[in-house]
Amino acid sequence: MGSPHPNIINFHGVTEDNDGYYNMVLECANDGNLRDYLKNNFETLQWIDKLHIAEEIVHGLIYLHDQNIVHRDFHSKNILINQGRPKIADFGLSKQIDESFMTSGSELHGMIEFVEPQCFIDPKYKRNIKSDIYSLGVILWEISSGRRPFQDSEFRLSLIYSILRGIREERIRGTPSKYIELYERCWDNDPNKRPETVLVYEDLKQLIEPSTMNRLDVQSNMFDEGPSTMRNSKSQQYSINGSSSQFYIPKEFIDLKPSEDKEPSGQPNKTTPPPNKNKARASSLDALQNKTSTNQNKKTRASSLDANLSKQNNNSLGSKIEITSNLNLNSRQIGPEEAKVLSQAIYNNSIFTLNLKMNKLNNEGIKILSEALSDNKTLIILDIGFNKISSEGAKSLAMILSKNRVLTTLKLCGPEGGKELSKTLPNNTTLTYLDVKENEFDPATKKLLNESHSQYVKMIFR
């Protein structure tokens with residue numbers, strides 16, 4: 001059985017092995033995947049070669065889209081190279097556009113670098129042809145650079161925030177300006193602004209025409225000679241369950257989960273923004289860690305934290321804080337007094353991620369934070385593990401989960417509160433990650449939680 005298209009991997013048939021498992025027999029690609037091919041051959045590839053690679057990839061994608069097939073996991077490792085010709089492969093997530101169960105397409109499969117922002121916002125988002133176009137834009141950039149996009153990003157969450165904010169990879173010096181314009185249109189935050197597959201193909205064909213290639217060779221203004229900088233498009237507003245939320249990306253990230261598929265690199269960091277140079281902030285937080293828990297020191301810690309947050313608020317434009325903060329207050333002896341200061345920052349929507357693991361919040365501190373969270377529009381990640389929270393504190397937290405429409409990740413632990421959480425989880429539509437693996441829940445409570453949470457929530461037990 002041959003391939004229906006020269007740029008689609010050839011399917012030969014199915015065979016059964018000695019253990020009774022069935023295996024697909026596919027065409028052998030002697031040059032590996034596109035990423036490896038670029039890594040091994042990039043120094044010798046001319047721009048005409050890169051353009052031909054891009055053109056053939058898009059040609060194969062046109063065939064899929066003409067058949068109403070969305071790939072949904074389109075990236076450089078799913079494009080194989082056989083005798084120099086790219087072939088699209090790995091259709092494990094591909095679906096017909098009109099299939100009734102397309103909603104499962106929003107699950108975060110695949111490589112984050114190639115996933116469009118909408119998939120991180122709406123768990124019910126249906127991937128479509130424009131989803132493949134977004135991925136294609138990243139692939140076109142990788143062809144221009146010869147390296148993995150965001151290769152120095154160590155954490156999935158920080159990368160997701162960057163993509164949501166409109167951060168894209170840097171332009172590569174020496175790239176034809178028309179090619180840059182093309183891939184930047186493909187990876188636009190707004191799906192409606194991404195070009196049709198056929199239009200991408202036509203633009204590439206025009207770049208390959210002899211007259212165009214001659215101009216590329218002699219006209220320096222056809223190349224991007226500007227400084228290599230991370231691209232940052234305008235921040236977009238997305239509708240989540242009927243409400244509009246503005247996403248802002250901080251200057252530094254506090255991450256809770258490493259990214260997958262990291263590759264070693266000697267390149268300068270292209271993904272994480274420069275470290276915050278606010279030494280006063282760093283020293284004030286360091287001071288918090290070293291102080292004892294006397295009443296005087298509690299006031300000192302709270303005052304220091306208050307001054308620190310107030311200084312951050314000076315970066316605001318008007319009444320809106322454009323750059324939200326990420327606070328890592330792990331093991332800083334934070335108690336109810338400091339929780340009052342933090343609650344004001346939460347009310348002001350000036351915190352993006354908050355790590356309060358291993359502190360002394362207890363039920364009073366959790367209640368204070370919970371009240372602030374009910375109207376918060378920015379806090380996405382909250383870690384309050386190991387804070388001696390009883391069922392009373394868990395009840396306060398559970399109540400806000402039914403109102404909060406922003407929080408996506410929650411980590412907590414303690415022997416109580418599971419039943420309270422199970423009551424409110426069905427009403428929450430944004431939480432996708434709930435880590436309770438350190439909680440000593442009994443089997444009955446675990447069962448309640450498993451039965452109550454949404455299919456989109458990944459729940460981690462011990």
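The values are calculated or read from the model by the stated rules, or taken from the named source; none is laboratory data. Values in this document were obtained by computation on a predicted structure and should not be read as measured data. With ideal geometry, Cβ positions are generated from the backbone for all residues, glycine too; neighbour counts draw on all protein chains shown.
Kindly provide the set of residues from the stretch 161-180 that are assigned to a helix (DSSP H, G or I), within 22 Å of Lys126 (Cα to Cα) and of a type outside the set (Ser, Thr, Tyr), ordered by number.
As a first pass, look at the stretch 161-180 and keep what is assigned to a helix (DSSP H, G or I): 161-165, 177-180.
Within this subset, residues satisfying the condition of being within 22 Å of Lys126 (Cα to Cα) are 161-165.
Once the filter is applied, which keeps residues that are assigned to a helix (DSSP H, G or I), within 22 Å of Lys126 (Cα to Cα) and of a type outside the set (Ser, Thr, Tyr), the stretch 161-180 yields Ile163, Leu164, Arg165.
Kindly check whether there is at least one residue in the stretch 388-397 that is more than 18 Å from Ser422 (Cα to Cα) and surrounded by fewer than 23 Cβ atoms within 10 Å (Cβ to Cβ). Yes: one or more hits. Among the residues making up the stretch 8-24, those that are in contact with a Ser or Thr (Cβ under 9 Å, 6 or more places away or on another chain) and more than 20 Å from His71 (Cα to Cα) are Tyr22, Asn23. Of all residues in the stretch 1-32, those satisfying the criterion of being surrounded by fewer than 16 Cβ atoms within 10 Å (Cβ to Cβ) and acidic (Asp, Glu) are Glu16, Asp17, Asp19. Based on this model, can you work out whether Lys458 counts as at pLDDT 70 or above and not acidic (Asp, Glu)? No.
Contact annotation: residue pairs with Cβ atoms under 8 Å, 6 or more positions apart or on different chains, pairing a residue in the stretch 29-55 that is modelled with pLDDT under 95 with a partner that is loosely packed, with under 14 Cβ neighbours inside 10 Å and in a loop (DSSP other than H, G, I, E, B), are Asn30/Gln83; Asp31/Gln83; Asp31/Gly84.
For Val58, the criteria (1) among the hydrophobic types (A, V, I, L, M, F, W, C); (2) modelled with pLDDT of 95 or more; (3) outside any helix (DSSP H, G or I) hold in every case but one, which is (3). Note on the stretch 181-196: among residues that are in a helix (DSSP H, G or I) and surrounded by 19 or more Cβ atoms within 10 Å (Cβ to Cβ), the one that is nearest to the chain's Cα centre (by Cα) is Cys186.
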